[in-house]
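Following: one structure in structure tokens, then a few remarks.
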Amino acid sequence: MRKNSGKRMSALALAAAMVSMALAGCSGGGGANETTAAVTEAQSDGDGETEAKKEEAGAAKAGGEEVTIRLVHYMGEQAKRDALDAMLTAFGESYPNIKVDVEVVASSSYIATYKNYIAAGEAPDIMFGKPQNMTEFVEGGYFMDLTGEKCLENVLPMLADECTVNGGIYGFPIDAQVKACFYNKKMFADANVEVPQTKEEFFKVCDTFMDQGIYPFVHPYNFIHGVFHELDSFFTSMAASTGNENVWMDSQNGVQDLGGNQVVTDAMEMFSKFASYKDAGDTAVDQTQGIQNFAAGQRPMYMNGGWLMGDVIAANPEGEFGMFPTPWSDNADDNKLWVGIDDVFIVSSQTEHKDEVMTLLEFFANEDCSRTWMDTAKLMTSNVTVPTDNADAFIKEIKSYIDNDRIVSKALVPDYTSEFSTAFRTKLQEFVTLDDSQRDVAKLIQEIDTEIESIRQ
């Protein structure tokens, strides 16, 4: 749809001037007049459907006129792409007159890509993203509020909360993502170690492996986000438990520097200790190589996100893998599982096919598709009503933490955004590649504070 593209381009140009178009997401919005105009227009496009559009949608569902909807995502993991393909195939069999065109965009530039599409009046009907990191799109009226839609009925509430902006829910999360310590059960059994419940037990496990000549961790230190995943595998739980939920945002907004915060110092000391269990080759390992190394049993543990497990199991279908929250405390009850969103379907307010789009999302939310996602993508579904009896062991373990309320929402501890995120991760990556004698936590924190301040200015 190309109507009124000048108005949309004006709003997006103003939004783009206020936010970064970098990897990690953005905040802010357009000016009041343009935003109001864009919201009014978007509402008329999305909610004020004509009777003709409704009749068209009904005809498509009934086997009449063909309707095509466009879905854009940035999934890099093959297991997730395979799961999506299987779900779309099943959807096509049930709704043969609703066609879905799929486009894959680079994760490093998806925000810029969406800006360009929207400004040109060519917004995809469905796109991927994290609504709380894309607030200028919400405030500009470009995303559809899904509050009350059937696809959200059985979604874990904390996941819907993480898709909420200004009181509206702007996405359907298909999975419950986790960051944790994934481990090789056979290697644990062979080393005669058990899953650690406390920080002290955790490092004893690490030392036991080292004593046996086995480096305990996969370290993807040639992957800037993999370095952060190591820290965040425990920091969200740590920050939420100690009243430091806003530590990154306070730093970004100039409210309080990281220096002088003992929790940050303690976290970085633990992060530094992880780096002491590395060999020289780890600085050359990226995410892809890390997955291969973990799947092959070269290292017993990988502190990362659940999204990698589909590719791990594809590489080693006979492997036995589990997971546990990376322990940061010697009180076992403090060590909760990080749970958040990852794969979120966002609906464009510019879509001319709302009924068909919602039919697709409702289909994705059903039990069969939820099982397909768990079985193929190897991710815990967002649908809390779906049994996990036949799922992989680590998914059952995730469900156990959810059922026993031993989880913490990632949304409680928002991460740095845009260029702040890149600068932070870069400093972490530089730090872990240093020799043990060269890593100085106080210096690292000071350097981060200086870098963040320079970006603010």
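Throughout, read-outs are computed from the coordinates displayed, never taken from laboratory work. Note that this is a predicted model, so its numbers are computed, not measured. Here Cβ is always computed from backbone atoms with ideal geometry, including for glycine, and neighbour counts include all displayed protein chains.
Any chance you could list P(r) for the stretch 289-348, counting all Cα-Cα pairs in 10 angstrom bins from zero, rounded to whole %?
All Cα pairs considered, the percentages come to 18, 40, 30, 11, 1.
Label the chain by shape, choosing from rounded, prolate and oblate, from the square roots a ≥ b ≥ c of the eigenvalues of the Cα gyration tensor; if a/c is under 1.5 it is rounded, and otherwise prolate applies when a/b is larger than b/c, oblate when it is not.
Oblate.
Given an 8 Å cut-off on Cα distances and at least 6 residues of separation, report the relative contact order of the stretch 92-173 as a percent.
Answer for the stretch 92-173 is 24 percent.
Take Asp405 and Ala284, extend 7 Å from each Cα along the Cα→Cβ direction, and tell me the distance between the two endpoints in nm.
Here the answer is 5.1 nm between the modelled labels.
So what's the gap between the Cα centers of the stretch 387-410 and the stretch 322-385, to the nearest angstrom?
12 Å
Assuming R0 = 25 Å, can you tell me the calculated FRET efficiency for the pair Gln292 and Lys396, based on Cβ-Cβ distance, to the nearest 0.05?
The pair Gln292/Lys396 has a calculated efficiency of 0.50.
How much mean residue ellipticity at 222 nm does the chain get from its helices, if each DSSP H run of length 4 or more adds -39500 (n - 2.57) and you divide by all residues, to the nearest 500 deg cm²/dmol?
The helix-only estimate for the chain comes to -14000 deg cm²/dmol at 222 nm.
Using +1 at the Cβ of each Lys and Arg and -1 at the Cβ of each Asp and Glu in the chain, identify which of Tyr170, Thr147, Ser329 lies farthest towards the dipole's positive end.
Going by the Cα projections, it comes out as Tyr170.
On a 0 to 90 degree scale, rounded to 10, what angle separates helix 199-211 from the longest Cα axis of the chain?
Approximately 70 degrees, to the nearest ten.
Does anyone have the angle between helix 418-432 and the longest principal axis of the chain? Alpha-carbon axes, 0 to 90°, nearest 10?
20 degrees
Can you tally the net charge around Glu201? Count Lys and Arg as +1, Asp and Glu as -1, for every other residue whose Cβ sits under 9 Å from the Cβ of Glu201.
-1
When the Kirkwood hydrodynamic radius is evaluated over all pairs of different C-alpha atoms of the stretch 248-332, what value in angstrom, to one decimal, is obtained?
So the Kirkwood estimate lands at 15.6 Å.
Mind scanning Lys186/Lys399; Lys80/Lys396; Lys99/Lys150; Lys115/Lys273 and naming the pairs with a C-alpha gap bigger than 30 Å?
Result: Lys115/Lys273 exceed 30 Å.
Assuming R0 = 35 Å, what is the FRET efficiency of Thr68 and Asp161, from their Cβ-Cβ distance, to the nearest 0.05?
0.60
Would you mind calculating the relative contact order of the stretch 321-457 from Cα pairs under 8 angstrom and at least 6 residues apart, reporting the percent as a whole number?
24 percent
Looking at the chain, send over the antiparallel percent of its DSSP beta bridges, to the nearest 5.
Of those bridges, close to 60 percent are antiparallel.
Determine, for Thr385, Thr208, the number of other Cβ atoms within 10 Å of each Cβ, and report the residues in order from fewest to most.
Thr385, Thr208
If packing is taken as the average count of other Cβ atoms within 10 Å, what order do 241-248, 299-306 fall into, highest mean first?
299-306, 241-248
Is the stretch 319-434 best put as rounded, prolate or oblate by its Cα gyration tensor, with a ≥ b ≥ c the root eigenvalues, rounded for a/c under 1.5, and otherwise prolate when a/b is larger than b/c, oblate when not?
Oblate.
Given the convex hull of the Cα atoms of the stretch 60-156, what is a quarter of its surface area in nm²?
Mean projected area for the stretch 60-156: 7.8 nm², to one decimal.
Could you tally the net charge around Val227, taking each other residue with its Cβ under 14 Å from the Cβ of Val227, Lys/Arg +1 and Asp/Glu -1?
Spelling it out: positives minus negatives among the neighbours equals -1.
Starting from the Cα of Lys278, draw a straight line to each of the aspartates and glutamates and keep only those under 18 Å, dropping any in the same chain fewer than 8 residues away.
Partners found: Asp207, Asp211, Glu230, Glu269, Asp286, Glu430, Asp435, Asp436, Asp440.
Over the chain, what is the mean sequence separation of C-alpha contacts under 8 Å (at least six apart), divided by residue count, expressed as relative contact order in percent?
25 percent
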